[in-house]
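Before any comments, here is the structure.
The values are calculated or read from the model by the stated rules, or taken from the named source; none is laboratory data. The structure displayed is predicted, hence computed values, not measured ones. Cβ coordinates were reconstructed from backbone atoms using ideal geometry, including for glycine residues, and neighbour counts include every protein chain displayed. Please note that ligands, DNA and RNA were not included when accessible areas were found on the heavy atoms of the full protein model with its side chains. Shrake-Rupley method; radii C 1.70, N 1.55, O 1.52, S 1.80 Å.
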Amino acid sequence: MAMTGLDEARPTRRNDERTVAGRHRMMRRADREVTDCEQIEEIVAACRIVHVGYADAEGLTIVPLNFGYEWQQDGDAGTGDELAGLTLYIHSASIGRKLDAIRAAGNALDVAFSMETDCEVIAGRTPCNWGEAFKSVIGNGVASVIDDLDECRKGLRLLMGQQAGMPDIAFADQQVRSVTVWKIEVRHLTAKIHAKPEPRNARRQAAGE
C-alpha cells in the first residue's frame, strides 16, 4: 500500500459525510487517509509530543505531553474502530489538574488526542494556495492512573524509548514511586498524510517530458 494509504477504488473526497450521534464520521480527504497499521505506527513512532484534550470542572483544556506507547496490532485499522491495543503512556507529578480530572471521573476520563510530525510549509503561487505538509494521528480514548508497579515501570521504559531511544533503562522501585504514570487506552483513531508535492521539474521528468 502506498504511504498515503490511497486506495484507487475510493473517492478522493467524501463530501457527503455528515456528523451523526454515536458514529464516527469518515475522513473527508480519502486520498490523504492512512489505514494500514504499520504505516500508522510509523507516524506514532516519529512523534514526540501528544496533545491531550479533556473536560473537567473548569471546562475544556488541552495539554502537550511527552509519551511512550505500546501497540498490539490487529490487522488493518479500517475506520479506526477495529484498532486494538494502542496504549499511550504518560508520566507526571502526583498532583495537578490532569490527575484531578482522571480521579474525578472514577479513573476513567474520556480524552481526545492528536500528534503530528514532518511538518513543513508548502509555498503556493498565491497566499491562498499556501499549505502545510504533515503526518498526523488523532483519536480518542480513556485515561487512567496506573497503580501496578510493574506496569508503571514498563510505561517509563516505553517513555524513555520513545523520547531518548533508551528503552532498557532499569528503574528502581523508589524511582517508579516518585512519579505518577498514567495511560490512555485508545478507542478510535484516524491518520492522515499530506505529502509535500514534488518539484515541477521532477514531475516532468517522471512523465518523460
task = Pairs only if they're at least six apart or on different chains, beta carbon under 8 angstrom, first in region 169-182 and touching a residue at least 60 places away in the same chain (Cβ under 8 Å), second surrounded by 10 or more Cβ atoms within 10 Å (Cβ to Cβ) and among the acidic types (Asp, Glu); list them, first residue then second.
result = 181/151
inquiry  = Can you pull out every residue in region 145-169 that is farther than 26 Å from residue 105 by Cα and of a type in the set (Asp, Glu)?
reply    = 168
message = If the requirement is being out of contact with any Ser or Thr (no Cβ under 8 Å at 6 or more places or on another chain), closer than 28 Å to residue 37 by Cβ and at pLDDT 95 or above, which of these qualifies: 155, 85?
response = 155
request  = Residue by residue through region 19-66, note down the ones that are β-branched (Val, Ile, Thr) and under 19 Å from residue 194 (Cβ atoms).
outcome  = 34, 35, 40, 43, 44, 49
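Let's see how each residue does on (1) open to solvent by 60 Å² or more (accessible area, probe 1.4 Å); (2) among the aromatic types (Phe, Trp, Tyr); (3) part of a strand (DSSP E or B):
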site: 100; (1), (2), (3): yes, no, no
site: 111; (1), (2), (3): no, no, yes
site: 133; (1), (2), (3): no, no, yes
site: 137; (1), (2), (3): no, no, yes
site: 152; (1), (2), (3): no, no, no
site: 157; (1), (2), (3): yes, no, no
site: 166; (1), (2), (3): yes, no, no
site: 186; (1), (2), (3): no, no, yes
ask   = Would you say residue 20 is at pLDDT 85 or above, open to solvent by less than 90 Å² (accessible area, probe 1.4 Å) and more than 20 Å from residue 119 (Cβ to Cβ)?
value = yes
ask   = Take the residues of region 96-148 that are touching a helix residue (DSSP H, G or I) at 6+ places or on another chain (Cβ under 6 Å) and either under 18 Å from residue 60 (Cα atoms) or not β-branched (Val, Ile, Thr) (or both): which is modelled with the lowest pLDDT?
value = 135
ask   = Which residues, counting only those in region 148-175, are over 25 Å from residue 137 (Cα atoms) and in contact with a Gly (Cβ under 9 Å, 6 or more places away or on another chain)?
value = 168, 169
ask   = Taking region 51-73 only, how many residues are assigned to a loop (DSSP other than H, G, I, E, B) and open to solvent by 20 Å² or more (accessible area, probe 1.4 Å)?
value = 4
request  = From the list 144, 136, 178, pick out the single residue that is under 15 Å from residue 70 (Cβ atoms) and of a type in the set (Ser, Thr, Tyr).
outcome  = 144
note = residue 202 fails exactly one of (1) of a type in the set (Gly, Ala, Ser); (2) part of a helix (DSSP H, G or I); (3) at pLDDT 90 or above, namely (3)
note = Within region 86-98, residues surrounded by 17 or more Cβ atoms within 10 Å (Cβ to Cβ) and among the charged types (D, E, K, R) come out as 98
ask   = Residues 48, 25: which one is farther than 25 Å from residue 106 by Cα, open to solvent by 50 Å² or more (accessible area, probe 1.4 Å) and touching a helix residue (DSSP H, G or I) at 6+ places or on another chain (Cβ under 9 Å)?
value = 48
